[in-house]
Amino acid sequence: MADELPHQHYLHPYREALATHGPTFAATLWRSREAQLLRFDVLIDLVGPGALAGASILDAGCGRGDFAQRLVEREVEFDRYIGVDGIEELVASASERDIDRAVFEVGDFVTDHEIFHRHRPDYVLFCGSLNTLKEEEAMEVVRRAFEAANHGVALNFLGDRHHRRWRGEELAPARRFSTVRWLDMALSLSSRVVFDQEYLDGHDASLLIRHEG
């Protein structure tokens, strides 16, 4: 297991889970496969399977490659998928799955400011991978990803404008972000923004930010 640098606080919960469960689904910190697949499908539909056809996709925080597998299951005809994750053992597990048109690499998309530019993907996707970051850290990462992406960025986060049934829910090590602040940030980058938080009554929010023109 690689040593964790002091500033990589956002990786610590994953390393703890890895130490307990090994490179399994439990180490990705998803609470259930059903919740994971729901969020994958929302992002795929937000961007549009047609828009993803022929596209290069960078999955930031790919874990075991479950998103790549879901794209294949949904018969999305993407051209190339690059999965990036800061946990070596999860990347190794993803690579062993031999998913068609998918490659995986170890990388910290928070501290490596060139990682998105090196690949120049059409779309950068963040699914659950911003949850352990501080809010300003997460926003800066998304801004850099948007600058590097040819077409846009799609992401989800835990929002604070949710139905009362989610009030008081224990989320640690994840944290909620300001839904309105994220909408404002997205609209500061582009007028072409799609937002959806209906699927879980505001517990989760998804954003698509496309480049103008």
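Observations on the structure shown:
- Each label was represented as a point 7 Å from its Cα along the Cα-to-Cβ direction; for LEU183 and GLU34 these points are 2.9 nm apart.
- For THR20 and HIS211, a Förster radius of 41 Å and the Cβ-Cβ distance give a FRET efficiency of 0.50, rounded to the nearest 0.05.
- Accessible area of the chain belonging to carbon and sulfur atoms, whole % at 1.4 Å probe: 48
- By DSSP, the beta bridges lying fully in the chain are antiparallel in about 40 percent of cases.
- Charge-dipole axis of the chain as Lys and Arg at +1 and Asp and Glu at -1 on Cβ define it, positive-most pick from GLY50, ILE209, PHE78: ILE209
- Rounded to the nearest 20 debye, the dipole size of region 119-213 about its Cα centre is 60 debye, using +1 on the Cβ of Lys and Arg and -1 on the Cβ of Asp and Glu.
- For region 147-213 and region 68-120, distance of Cα centres in Å: 22
- Sites ARG118 and ARG167 - FRET efficiency at Förster radius 25 Å, r taken between beta-carbons, to 0.05: 0.05
- Probe 1.4 Å, protein heavy atoms only - accessible area per residue of region 161-213 in square angstrom: 59
- Other residues with beta-carbon under 13 Å from the beta-carbon of HIS151 carry, at +1 per Lys or Arg and -1 per Asp or Glu, a net charge of -1.
- Per residue, region 66-143 exposes 41 Å² of accessible surface when a 1.4 Å probe is rolled over the protein heavy atoms with every protein chain present.
- Computed over Cα pairs, the Kirkwood radius of the chain leads via Stokes-Einstein (1.002 mPa s, 20 °C) to a diffusion coefficient of 125 µm² per second.
- Distance histogram in 10 Å bins (all Cα pairs of region 144-212, percent per bin): 20, 48, 25, 7
- Cα gyration tensor, region 43-164 - rounded (a/c under 1.5), prolate or oblate: rounded
The values are calculated or read from the model by the stated rules, or taken from the named source; none is laboratory data. Keep in mind that this is a model prediction, so the values were computed, not measured. Note: ideal-geometry Cβ built from the backbone for every residue, glycine included; neighbour counts use all protein chains shown. These area figures cover heavy atoms from the full protein model, side chains too; ligands, DNA and RNA do not enter into them. Shrake-Rupley method; radii C 1.70, N 1.55, O 1.52, S 1.80 Å.
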